[in-house]
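First comes the structure, then the notes that go with it.
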2 protein chains.
Amino acid sequence: MKRRVTLKDIARETGVHVSTVSRALDPVTRKAITAEVAEKIQAAAERLGYRPNRIAAGLRTNRTMTVGVMIPDITNVIFPPILRGIESVLEPLGYASIIVNTDGEKERESRLVNVLRDRGVDGIIHAAATRDDPMVARAAEDGMPIVTLNRRVEDGGIPFVINDEQSGICQMLRHLMELGHRSIAHIAGPQDLSTGQLRLAAFRDAMAETQLACNEGLIATATHFDESEGARCVEQLLASGLRFTAVLCANDRLALGAIERLHEEGLNCPADVSVSGFNDMPFLNLIRPRLTTIHIEQHGAGQAAARLLVQLLNGAESEQLPTETILPVRLVVRESTGPAPAP
Amino acid sequence: MKRRVTLKDIARETGVHVSTVSRALDPVTRKAITAEVAEKIQAAAERLGYRPNRIAAGLRTNRTMTVGVMIPDITNVIFPPILRGIESVLEPLGYASIIVNTDGEKERESRLVNVLRDRGVDGIIHAAATRDDPMVARAAEDGMPIVTLNRRVEDGGIPFVINDEQSGICQMLRHLMELGHRSIAHIAGPQDLSTGQLRLAAFRDAMAETQLACNEGLIATATHFDESEGARCVEQLLASGLRFTAVLCANDRLALGAIERLHEEGLNCPADVSVSGFNDMPFLNLIRPRLTTIHIEQHGAGQAAARLLVQLLNGAESEQLPTETILPVRLVVRESTGPAPAP
DNA sequence: AGCTGTCATGCAATCGATTGCGTGGAGCTT
DNA sequence: AAGCTCCACGCAATCGATTGCATGACAGCT
């Protein structure tokens, strides 16, 4: 196990001072060095197999070229594409990311923010904020560049990237109405998650714009974004005795659970009841009936957040950056929605 | 934006030397300090909100408490659980991980190994090795602790963790034979990936142990582990004109693609042809017919690899560590396999 | 020829924590 | 009371790269 090559080694080899070597190896400062000397130094660096020590540089410059990425849970299929989006922007610029999972727990979230700070990350992309976290707020106050993803932040000038939930719900509602549905139920997501909240609000708004009264009895709220909650909620809707011919769900997994339970109750989708999802998660094309849903740009959202963060890292003031970036969404009509059955 | 608190600040505050502060704050060296003084220092550290600078410590100790994790692609659903397994072991010990995606490209793999080395990771968990990579070999030679996952490494004493592919294929073959199948086809995975290779070899071995001759015509090889290749391969098998009543696939996605194409050709699964998968990936319970497959311990594999790496990091010699760790697999019988149809 | 300006390079401090070695004082022995 | 041991703590070097400032040489100008 041989010792690593340092600037000092190159300096000794080439007979110049380490500071000269340092300057010759940095493309920005190289212009201050005679071309001939710079080339000699570069050649020596190459020959000796020099690899800069980022730790040492980081200590001096206070930049680690590392960013923290906070997500609720990597096993949730919507996050990997987001991470690839982030990576696609950050990696070419020489940044690496440390990914942490909060599991939606506030206490864990606070702790992990500090873990990231202790590690000296240059900035944070936060895709897991449930609500205002004091540690996150503190980090922001202390000057840590932060961008949030999938979450609107009211206070503070923290830039955020979200999908156009409003438009998505709207497009889906219009689609269902064009199919003749008039009694439309909603399975809302957890209200402590911003997506759940935003989509429910969007549903109420969209319904208000139609002639239809929004029957609060036709809104069931899930405690988690998963299949079993979708099933439970649709059961609750059925038990209410209220008639509905379509269920607009806040998320694909809720929709899948709902369809399954409806099927168990002898109701077929889309013949008897239309069901729609939201997110267009991977593998949806393999599940029957193929789900009509709202496609969101996961990869694009990651890229957008990363680009914003890079600007902050490069010294852009939050004021000159867009506080909100709203990504377009797209209706994807597949098989789980169809004409409303005759009454 | 206030300056961060350093050891020097605490030293000034408490009237002792920074080295004393350093020792008082490290549980290991604390015993060398008078209890009273140590408490005073800890109190001051607490009061001032001291957070150790890992970068500075890393420069001096040459340990970053960071490990690199190399995977082919995080959007492949089998990797997130592995990562959570790794995290569950590493995070409590104070390690963070930098995850990189190789996309199965050799050139990218080499480059990323160097990225990780430059960042001074203490060790690497490599779950993306396609074949021997010179940079990985070099890193190992230079003393970088490395553990590979899902890949057998012949040369060098690099410890590896793999699933018991052999046993999985064997169990599945026995299951199919118990259902009366005698003409069994295999859709093999890409042969440049170790899992593809191992499972094909296991299939041949297992067939050899039965009375049945292994008909090479009933083996189709996919170029990727995805649905379209599963479809293409099953088509190829059908085109061969050879009779088969079951298809043992090297991977769930190949199986899903195969089932779909069979269906399009008017062959139902499992009534006409039984199809089996491998991996038991998430969401399989939502796809009809529910796939019979081999469950592998993804989370457990991550944990096992992480535990091995920790031992290496703690100075265990490779010699005293198990070179191979083979994780048990489990047959999961669902709906895609059934009795062989009468001839 | 002498003076000024410019530019390449060297010098040394610095980032913050760790750690081998030195030292002074307290307590104990004879 | 002199000498000894032991231990808590201080001192200072160190990790490797960066960077403001100093310096020296050389060219150009009058």
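The values are calculated or read from the model by the stated rules, or taken from the named source; none is laboratory data. Remember, predicted model here, so these are calculated numbers, not experimental data. Reconstructed Cβ throughout: ideal geometry from the backbone, glycine too, with neighbour counts over all protein chains shown. These area figures cover heavy atoms from the full protein model, side chains too; ligands, DNA and RNA do not enter into them. Shrake-Rupley method; radii C 1.70, N 1.55, O 1.52, S 1.80 Å.
Here are a few things to note about the model shown:
- For segment B:57-86, the set of residues classified as more than 7 Å from chain A (Cβ to nearest Cβ), within 16 Å of DNA strand D (Cβ to nearest atom) and under 20 Å from B:V115 (Cβ atoms) consists of B:N62, B:R63, B:M65, listed by residue number.
- Residue in segment A:64-81 that is of a type outside the set (A, V, I, L, M), open to solvent by 50 Å² or more (accessible area, probe 1.4 Å) and in a helix (DSSP H, G or I) present: no
- Only a single item in (1) within 21 Å of B:G120 (Cα to Cα); (2) within 8 Å of DNA strand D (Cβ to nearest atom); (3) crowded, with 17+ Cβ neighbours inside 10 Å is not met by A:P52, and it is number (3).
- Residue tally, condition assigned to a helix (DSSP H, G or I), more than 7 Å from DNA strand C (Cβ to nearest atom) and without any contact (Cβ under 8 Å) to a residue 40 or more places away in the chain, over segment B:6-25: 7
- Residues of segment B:94-129 satisfying the condition of being farther than 19 Å from A:S88 by Cα, out of contact with any Ser or Thr (no Cβ under 6 Å at 6 or more places or on another chain) and away from chain A (no Cβ under 12 Å): B:G123, B:I124, B:I125, B:A127
- One residue from A:L312, A:L291 being surrounded by fewer than 24 Cβ atoms within 10 Å (Cβ to Cβ), touching a Gly at 6+ places or on another chain (Cβ under 7 Å) and within 14 Å of another protein chain (Cβ to nearest Cβ): A:L312
- Residue list for segment B:136-179, filter: basic (K, R) and either under 19 Å from B:D280 (Cβ atoms) or open to solvent by less than 30 Å² (accessible area, probe 1.4 Å) (or both): B:R151, B:R174
- Scanning segment A:227-250 for residues that are touching a residue at least 24 places away in the same chain (Cβ under 8 Å), surrounded by 24 or more Cβ atoms within 10 Å (Cβ to Cβ), in a helix (DSSP H, G or I) and among the β-branched types (V, I, T) turns up at least one hit.
- Counting the residues of segment A:180-209 that are open to solvent by 30 Å² or more (accessible area, probe 1.4 Å) and either under 22 Å from A:H126 (Cβ atoms) or hydroxyl-bearing (S, T, Y) (or both) gives 7.
- Criterion (charged (D, E, K, R) and within 14 Å of chain A (Cβ to nearest Cβ)) met by exactly one of B:R54, B:R23, B:R30: B:R54
- Boolean, A:S97 is crowded, with 17+ Cβ neighbours inside 10 Å, of a type in the set (S, T, N, Q), over 25 Å from B:I82 (Cα atoms) and at pLDDT 90 or above: no
This table checks each residue for (1) out of contact with any helix residue (DSSP H, G or I) (no Cβ under 7 Å at 6 or more places or on another chain); (2) open to solvent by 10 Å² or more (accessible area, probe 1.4 Å); (3) in contact (Cβ under 8 Å) with a residue 60 or more places away in the chain.
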| position | (1), (2), (3) |
| --- | --- |
| B:L286 | no, yes, no |
| B:H295 | yes, yes, no |
| B:G302 | no, no, yes |
| B:Q320 | yes, yes, no |
| B:R334 | yes, yes, no |
| B:T337 | no, yes, yes |
| B:P341 | yes, yes, yes |
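For every residue, the table says whether it meets (1) within 9 Å of DNA strand D (Cβ to nearest atom); (2) open to solvent by 40 Å² or more (accessible area, probe 1.4 Å); (3) touching a Leu at 6+ places or on another chain (Cβ under 7 Å).
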| site | (1), (2), (3) |
| --- | --- |
| B:T6 | no, yes, no |
| B:S22 | yes, yes, yes |
| B:L25 | no, yes, no |
| B:A35 | yes, yes, no |
| B:E39 | no, yes, no |
| B:R47 | no, yes, no |
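- Segment B:254-280: number of residues that are assigned to a loop (DSSP other than H, G, I, E, B) and open to solvent by 10 Å² or more (accessible area, probe 1.4 Å): 9
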